[in-house]
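Take a look at the structure set out below.
Since every read-out is calculated from the coordinates, none of them should be taken as a lab result. None of these values were measured; they are calculated from a predicted model. Note that each Cβ is placed from the backbone with ideal geometry, even for glycine, and that neighbours are counted across all protein chains shown.
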Amino acid sequence: MTRKRMIIVILLVLKLEFLTLVLLKAFFTLILNSIKSLELQGYRDGENLYGAPYDFRYGLAPEGHPSFVGTEYLQNLKKLIEKASASNGGKPVIILSHSLGGLFALQLFNRNSATWRQKYIKHFMALSAPWGGTVQEMLTFASGYSLGVPLVDPLLVRDEQRSSESNLWLLPSPKLFGPTTPLVITENTNYSALDIPQFLNDIGFSQGVQPYKTRILPLTGQLFAPGVPVTCMIGTGVKTPETLFYGRDGFDKPPDIIYGDGDGTVNLLSLLALEKEWSGKPNQPLKVIKIPQVSHTSILKDDVALKQIVTEFSDINSNALISAS
Ligand SMILES: *[C@@H]1O[C@H](CO)[C@@H](O)[C@H](O)[C@H]1NC(C)=O
């Protein structure tokens, strides 16, 4: 009997911030939910299902720049994929990511050869990936963001959030959000994605400017097509911050917000960035699945979303069987 199942490596990005520790249990429950529905399909942890968690406080830098934790993570992830494949008869793996995990996976592909990708990667499924960052991050940096937890003063968590390097990576990318569209509007100044260095300075976080320019900007433009099949599954139709208005009281006071389409955290523009970036690339299979009224994290527990993930896996597996016979 040949084994029918493909191998899955799940990239989990753990937000181990001060406030988020409270939410961590809830987050794990979500992840476990999705893992449970995979286990029902015959996937077993440590056999053909592997996890690869990442500590969100550490960022990644472009190749050639030091970023010990980020680089080590990508190296370990590469080894894990090779090991998963080797313990399953050399079959290539399916990568499933959530949120920032998708950006890490794409970096992993970009930093390894086409031959390596062909050999080891069967399919890449990215849930809720913020390919071009989000306007929400500008709110996080300026005023703090209490993640919807009531009675928590966002200013209390702001310093912690500013020090999480990965947050810088999720600021809106100039390439996607454009050089002129104002994302933050104040009485005297408008800030587009191109003005982020000035913005970081003006909100009182000048320490972020240099890392942003040297380590983050070169990464944000990098959405190179890996040549392996990619599926993006995203939530839509949830109101998502699109423009922030700050009044006389400055950045310490929560802004007025104009909302647009997205998953509540990530703007639709960013969730769909690969469609735009890779259009007309014949050797880059890309499928986008939109799930209406599903938010950034509820995609991990929503019944419709979970069924869709499992269906996609069955399709990928049955295609693999056809091409193997
Ligand atoms: C900021 O943008 C708004 C809306 O696009 C515009 O009406 C306003 O004149 C701009 N203000 C400055 C200072 O450029």
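Some observations on this one:
- From least to most packed, judged by other beta carbons within 10 angstrom and beginning with the fewest, Ser67, Ser97, Ser279 follow the order Ser279, Ser67, Ser97.
- Cβ crowding within 10 Å, taken as a proxy for footprinting-reagent exposure, orders Arg162, Arg117 from fewest neighbours to most as Arg117, Arg162.
- Were the residues from Asn201 through Lys281 laid out at 0.36 nm apart, the gain over their Cα-Cα distance would be 24.9 nm.
- Counting charges near Val209 (Lys, Arg +1; Asp, Glu -1) among other residues having Cβ under 13 Å from its Cβ returns a value of +1.
- Greater than 27 Å apart at Cα, pairs in Lys175/Lys281; Lys79/Lys276; Lys119/Lys281; Lys83/Lys213; Lys91/Lys287; Lys213/Lys290: Lys79/Lys276; Lys83/Lys213; Lys213/Lys290
- Semi-axes of the equivalent ellipsoid for segment 41-155, Cα gyration tensor, largest first, Å: 31, 18, 13
- Counting neighbouring beta carbons within 10 Å and listing from fewest to most, the residues Val288, Val157 come out as Val288, Val157.
- Within segment 60-137, GluC sites (Glu not before Pro) in DSSP loop having at most 15 other beta-carbon neighbours inside 10 Å: Glu63
- With eigenvalues of the C-alpha gyration tensor scaled by 5 and rooted, segment 74-133, Å: 21, 12, 10
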